[in-house]
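Here's the structure, in structure tokens; my notes come after.
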Amino acid sequence: MEKRVDEQEQVVNPWQVSAKEGGKIDYNKLIDQFGCQRLDQSIIDRVHRLTSRPPHVFIRRGVFFAHRDFNEILDGYEKGEKFYLYTGRGPSSEALHLGHLIPFMFTKYLQDAFKVPLVIQLTDDEKCMWKDLSVEECQRLARENAKDIIACGFDITKTFIFCDFDYVGGNFYKNMVKVAKCVTFNKAVGIFGFTGEDHIGKVSFPPVQAVPSFPSSFPHLFSGKDDLRCLIPCAIDQVLMEIFVGYFVFTKAFQVLLNSFHGWMWYLLLFYGPTSICPIVQDPYFRMTRDVAPRIGYHKPALIESSFFPALQGETGKMSASDPNSAIYVTDSAKDIKNKVNRYAFSGGQDTVEKHRQYGANLEVDIPVKYLNFFLEDDTDLEHIKKEYGAGRMLTGEVKQRLIQVLTEIVERHRNARAAVTEEMVDAFMAIRPLPSMFD
């Protein structure tokens, strides 16, 4: 059971996003299909002008390429109106891969560029309900994941990290109840595909992830600032769920998507259409939030969406904890990275050197080039590689060697930063406290 954006070219469903014969996803069609707006050059130029900072590589190269209401955030900012950022993670494992870091890397840029506060939700309660994990283990994993998040370099004077088990209550819980009263059980079933076999904890969870979009959920930060708008960073597959609501709402398989923090975010965003920095598949979750927000007196959240980050095996593959060779993890050694890239990174190069020199590489399917597009900072260097590799003057081994160098530097830098994060630092980021200089 699937929804095809184009029956002949690409398949998009909760379990698979792929182009025909492993080809390239047509993001223009996804934007048309799901009603997002393209993050075009005029918006990129506007961000540059308003922040006086060079645009991040992720928006320069179209990694983050679509949005909902981001222009409204910029309109308000230009008038002197501030906003806050919201993102998060479902802590189900200790090791993060590079795909997990992308939203945090971009969120850090947004925090630094716009000088705004950030709330980061760790949904340890969700993982306890969806995974075979104890409360205590989920709490432990949340703190371990927090160390990786802190290692991304967030400003402690502008950042509040919280775990649901520790924070939910007070105004946060009041907003949860307000949201819950606006969503009938039939609508929840329609959005999430609950069945009679699901425990009631799953049914009650969606408001937990919705209400960080509302400033009054954080009275220690935003007291008296109920008009403050929220921008959420995410990925394009989060918006795709909108299509499946009408077709698959009662299928058990649909719940595969919901089996993660980003699964919930992506689904709800798509179904109700807010603005956040997220993958487009999360769109249903925030669409629910956007539907409810005006009814309880809040702005709809805003959204910026990124393209897919592929597995090493190619766009048709899937990064999975059950296959450590499908991704580069922040715990990988230099030797591990070299081995994974050389052995598993799908190449668009030709079968022989002679053919490669004659025809060049297919850059549309080449994973080393795609990864360099995410992580190689130097635009001139990247364009040179694409030109030479595409013309056959550069070989696959040379491109992979460059990627190994880039990824090794990133992972080593992150590992060193994480090693410097102490338990006391985690406590400081998670302390419920005012942030007096959060807009400075």
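Numbers for the structure displayed
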read-out	value
Selected residue [basic (Lys, Arg), under 24 Å from Arg60 (Cβ atoms) and touching a residue at least 24 places away in the same chain (Cβ under 8 Å)] from Lys387, Lys370, Lys338	Lys370
Where a residue in the stretch 424-440 is closer than 16 Å to Leu228 by Cα and open to solvent by less than 40 Å² (accessible area, probe 1.4 Å) and its partner, wherever it lies, is part of a helix (DSSP H, G or I) and of a type in the set (S, T, N, Q), with Cβ under 7 Å and at least six apart	none
Selection within the stretch 148-172 - part of a helix (DSSP H, G or I) and touching a residue at least 60 places away in the same chain (Cβ under 8 Å)	Asp148, Ile149, Ile150, Asp166, Tyr167
Residues located in the stretch 45-63, provided they are part of a helix (DSSP H, G or I), buried (at least 16 other Cβ atoms within 10 Å of the Cβ) and either of a type outside the set (S, T, N, Q) or in contact with a Cys (Cβ under 6 Å, 6 or more places away or on another chain) (or both)	Arg46, Val47, Val57, Phe58, Ile59
Test: Asp323 is modelled with pLDDT under 85, within 22 Å of the chain's Cα centre (by Cα) and over 19 Å from Met105 (Cα atoms)	yes
Members of the stretch 103-145 that are open to solvent by 10 Å² or more (accessible area, probe 1.4 Å) and under 15 Å from the mean Cα position of the chain (by Cα)	Pro103, Met105, Lys108, Tyr109
First in the stretch 349-360 and in a helix (DSSP H, G or I), second anywhere and open to solvent by 80 Å² or more (accessible area, probe 1.4 Å), Cβ under 9 Å, 6 or more apart	Arg357/Arg393
In the stretch 293-303, residue farthest from Asp227 (Cα to Cα) [restricted to those that are in a loop (DSSP other than H, G, I, E, B) and either open to solvent by 10 Å² or more (accessible area, probe 1.4 Å) or of a type in the set (Gly, Ala, Ser) (or both)]	Lys300
Extreme residue, farthest from Ile43 (Cα to Cα), among residues of the stretch 304-313 that are modelled with pLDDT of 90 or more and part of a strand (DSSP E or B)	Ala311
Residues (modelled with pLDDT under 95 and surrounded by fewer than 17 Cβ atoms within 10 Å (Cβ to Cβ)) located in the stretch 77-102	Ser93, Glu94, Ala95
Members of the stretch 202-220 that are within 16 Å of Phe165 (Cα to Cα) and outside any helix (DSSP H, G or I)	Phe205, Phe218
Top-ranked residue in the stretch 366-393 [being open to solvent by 30 Å² or more (accessible area, probe 1.4 Å) and assigned to a loop (DSSP other than H, G, I, E, B); ranked as nearest to Ser326 (Cα to Cα)]	Glu377
Residue that is nearest to His97 (Cα to Cα), among those in the stretch 319-365 that are surrounded by 16 or more Cβ atoms within 10 Å (Cβ to Cβ) and among the basic types (Lys, Arg)	Lys340
Considering residues of the stretch 394-403 that are of a type in the set (D, E, K, R) and open to solvent by 40 Å² or more (accessible area, probe 1.4 Å) only, the residue farthest from Phe64 (Cα to Cα)	Glu398
Matching option when the condition is under 24 Å from Phe106 (Cβ atoms) and not charged (D, E, K, R), among Tyr371, Tyr359	Tyr371
Checklist (1) among the hydrophobic types (A, V, I, L, M, F, W, C); (2) out of contact with any strand residue (DSSP E or B) (no Cβ under 9 Å at 6 or more places or on another chain); (3) touching a residue at least 60 places away in the same chain (Cβ under 8 Å) applied to Ile328, failing item	(2)
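Yes/no per residue for (1) over 13 Å from Ser306 (Cα atoms); (2) at pLDDT 90 or above:
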residue	(1), (2)
Glu21	yes, no
Leu30	no, no
Thr51	yes, yes
Ile59	no, yes
Val63	no, yes
Asp75	yes, yes
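The values are calculated or read from the model by the stated rules, or taken from the named source; none is laboratory data. Since the model is a prediction, treat every value here as computed from it, not as a measurement. Glycine gets a Cβ as well: all are built from the backbone with ideal geometry, and neighbour counts include every protein chain shown. With ligands, DNA and RNA removed, areas are computed over all heavy atoms of the protein, side chains included. Shrake-Rupley method; radii C 1.70, N 1.55, O 1.52, S 1.80 Å.
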